[in-house]
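Notes to accompany the following structure.
The values are calculated or read from the model by the stated rules, or taken from the named source; none is laboratory data. Here the structure is a predicted model, which means the values were calculated and not measured. In this analysis, Cβ positions are derived from the backbone assuming ideal geometry, glycine residues included, and neighbour counts consider all displayed protein chains.
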Ligand code: UGA
């Protein structure tokens with residue numbers, strides 16, 4: 001409870017020096033320059049945290065890696081700490097975070113598992129036990145897994161890679177469903193009923209986003225390449241390629257359906273966050289879709305219940321991977337993108353628009369007054385649902401031409417140029 005056993009402070013050095021256990025959760029952006037650019041993790045922030053810990057510590061410490069860091073970071077951190085040790089003993093533990101945005105508190109209180117990696121030496125095992133005791137206050141013992149350091153670090157990357165792979169698998173299926181007349185929701189329902197596969201994380205979408213999946217897979221790819229495992233690197237790279245393909249495919253579908261040109265046409269963008277119930281836009285698929293449509297000279301009116309206008313403008317002008325640095329290190333974008341306006345609600349975004357693109361699965365998009373929206377749009381009025389949230393039949397009855405990812409195609413779309 002705040003003020004009793006929870007305190008906030010900006011006096012980092014004082015608290016680090018007093019603590020027995022230090023959790024480090026700094027950002028680990030993708031490197032944009034130099035060796036490993038575009039793939040490897042930039043450990044600048046981690047390194048400066050480790051140097052600061054070494055500078056201010058006066059007693060033995062357990063340093064816990066909470067940030068997702070590529071395998072063997074702990075070893076590098078250990079070196080920094082022990083080289084400045086002044087006789088102080090450090091134990092490094094890896095304790096990766098598995099919570100997801102939107103369900104963070106739930107995930108924290110009832111985690112599927114807590115993973116603690118450490119050295120397999122007597123001191124290492126003691127440190128593992130100390131951290132285990134902290135979690136044991138609310139997590140059942142059988143959910144606390146202990147491993148060696150590298151297994152813990154790699155398991156985090158592996159878990160995210162497996163999750164992202166499920167989405168790319170179902171998204172790859174969605175393209176095939178559209179081509180054949182199958183329905184991807186029915187396919188994933190049937191597939192997920194196999195208890196070995198399971199029903200979660202099989203929703204086809206315009207693509208996965210968020211601060212973790214792409215970054216962690218790129219790290220994994222880099223580690224494979226560094227270890228001479230080109231085939232393995234290519235295997236994981238494909239998960240990202242399918243994700244990029246899915247976003248491109250969506251843009252191509254929009255453009256080809258609208259007589260192969262969206263130049264000067266207003267398109268309402270519904271949702272910009274990378275998933276519902278968050279205002280987070282890091283690596284959101286909406287960014288690539290919007291950039292794609294702007295590339296074809298569309299005019300966009302963007303509505304998201306939680307993302308600010310400022311954030312959207314910044315995202316549309318930001319370079320790849322800049323988002324993961326502190327805001328004062330991000331490039332300024334004094335002039336927003338001209339062809340983009342930000343709307344207060346879905347009705348304003350859709351007014352006089354030729355098409356709507358649903359890019360985040362916000363619940364409110366399920367219950368909009370689509371009749372009213374239709375009446376205020378240009379005709380033919382299109383809805384491109386990148387999250388399978390709308391009732392396709394109902395919208396078609398109103399008069400919309402509807403595209404929904406992985407669903408049997410609207411007769412209108414069938415006659416349009418094929419989408420690669
Ligand atoms: C993800 C993992 O789920 C967490 O376990 C992990 O701790 C976290 O990354 C991290 O490394 O910090 P998060 O990025 O918050 O969590 O969000 P997810 O719920 O995993 O969603 C990621 C993306 O996949 C979203 O864009 C979402 O819309 C998309 N998605 C998810 C689909 O397209 N289909 C699905 O079936 C599920």
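Can you run down the residue pairs with Cβ atoms below 7 Å, 6 or more apart or on separate chains, where the first is in the stretch 96-107 and more than 18 Å from residue 279 (Cα to Cα) and the partner is within 6 Å of the ligand (Cβ to nearest atom) and in a loop (DSSP other than H, G, I, E, B)?
96/68; 107/98; 107/99; 107/100
Could you check how many residues of the stretch 217-233 are surrounded by 18 or more Cβ atoms within 10 Å (Cβ to Cβ) and more than 12 Å from the ligand (Cβ to nearest atom)? Walk me through how you get there before you give the answer.
The initial filter retains those residues of the stretch 217-233 that are surrounded by 18 or more Cβ atoms within 10 Å (Cβ to Cβ), namely 217-224, 233.
Subsequent filtering for residues that are more than 12 Å from the ligand (Cβ to nearest atom) retains 218, 220-224, 233.
Qualifying residue count, the stretch 217-233: 7.
Return a yes/no flag: does the stretch 292-305 have any residue that is more than 20 Å from residue 167 (Cβ to Cβ), touching a residue at least 40 places away in the same chain (Cβ under 8 Å) and within 16 Å of the ligand (Cβ to nearest atom).
Looking through the stretch 292-305, at least one residue is more than 20 Å from residue 167 (Cβ to Cβ), touching a residue at least 40 places away in the same chain (Cβ under 8 Å) and within 16 Å of the ligand (Cβ to nearest atom).
Quick one: how many residues across the stretch 1-17 are touching a strand residue (DSSP E or B) at 6+ places or on another chain (Cβ under 8 Å) and in a loop (DSSP other than H, G, I, E, B)?
Qualifying residue count, the stretch 1-17: 1.
State all residues of the stretch 355-384 that are within 13 Å of residue 299 (Cβ to Cβ) and either outside the structural domain of residue 284 (by the TED database) or surrounded by fewer than 22 Cβ atoms within 10 Å (Cβ to Cβ) (or both); if no residue qualifies, say none.
Once the filter is applied, which keeps residues that are within 13 Å of residue 299 (Cβ to Cβ) and either outside the structural domain of residue 284 (by the TED database) or surrounded by fewer than 22 Cβ atoms within 10 Å (Cβ to Cβ) (or both), the stretch 355-384 yields only 378.
Quick one: in the stretch 374-409, of everything that is touching a residue at least 12 places away in the same chain (Cβ under 8 Å) and in a helix (DSSP H, G or I), which residue is nearest to residue 173 (Cα to Cα)?
Among them, the one singled out is 392.
Check the stretch 203-216 and report whether any residue there is at positive phi, within 16 Å of the ligand (Cβ to nearest atom) and touching a helix residue (DSSP H, G or I) at 6+ places or on another chain (Cβ under 9 Å).
yes
With the structure loaded, tell me whether residue 110 is surrounded by fewer than 17 Cβ atoms within 10 Å (Cβ to Cβ), in contact (Cβ under 8 Å) with a residue 12 or more places away in the chain and on the phi < 0 side of the Ramachandran plot or whether it fails that test.
Values: surrounded by fewer than 17 Cβ atoms within 10 Å (Cβ to Cβ): yes; in contact (Cβ under 8 Å) with a residue 12 or more places away in the chain: no; on the phi < 0 side of the Ramachandran plot: yes.
No; evaluated as a whole, the condition is false for this residue.
Among the residues of the stretch 163-202, how many are surrounded by fewer than 18 Cβ atoms within 10 Å (Cβ to Cβ), assigned to a loop (DSSP other than H, G, I, E, B) and within 12 Å of the ligand (Cβ to nearest atom)?
The qualifying residues number 4.
Please tell me if residue 275 is farther than 24 Å from residue 35 by Cα, more than 14 Å from the ligand (Cβ to nearest atom) and either in contact with a strand residue (DSSP E or B) (Cβ under 6 Å, 6 or more places away or on another chain) or in the same structural domain as residue 370 (by the TED database) (or both).
So residue 275 does not fit the description; no.
Which count do you get for residues in the stretch 252-274 that are within 17 Å of residue 309 (Cα to Cα) and surrounded by fewer than 22 Cβ atoms within 10 Å (Cβ to Cβ)?
Taking the stretch 252-274 first, the residues within 17 Å of residue 309 (Cα to Cα) are 267-274.
Narrowing the set further to residues that are surrounded by fewer than 22 Cβ atoms within 10 Å (Cβ to Cβ) leaves none.
Going through the stretch 252-274 one residue at a time, the tally reaches 0.
Take the residues of the stretch 21-39 that are within 20 Å of residue 91 (Cβ to Cβ) and in contact with a helix residue (DSSP H, G or I) (Cβ under 8 Å, 6 or more places away or on another chain): which is surrounded by the fewest Cβ atoms within 10 Å (Cβ to Cβ)?
Across the stretch 21-39, the extreme among qualifying residues is 21.
Report yes if some residue within the stretch 138-158 is touching a residue at least 60 places away in the same chain (Cβ under 8 Å) and either over 28 Å from residue 283 (Cβ atoms) or within 10 Å of the ligand (Cβ to nearest atom) (or both); otherwise report no.
Checking the stretch 138-158: at least one residue is touching a residue at least 60 places away in the same chain (Cβ under 8 Å) and either over 28 Å from residue 283 (Cβ atoms) or within 10 Å of the ligand (Cβ to nearest atom) (or both).
Looking only at the stretch 18-30, which residues are within 26 Å of the chain's Cα centre (by Cα), without any contact (Cβ under 8 Å) to a residue 60 or more places away in the chain and in a loop (DSSP other than H, G, I, E, B)?
If the condition is that a residue be within 26 Å of the chain's Cα centre (by Cα), without any contact (Cβ under 8 Å) to a residue 60 or more places away in the chain and in a loop (DSSP other than H, G, I, E, B), then 26 is the only one that fits.
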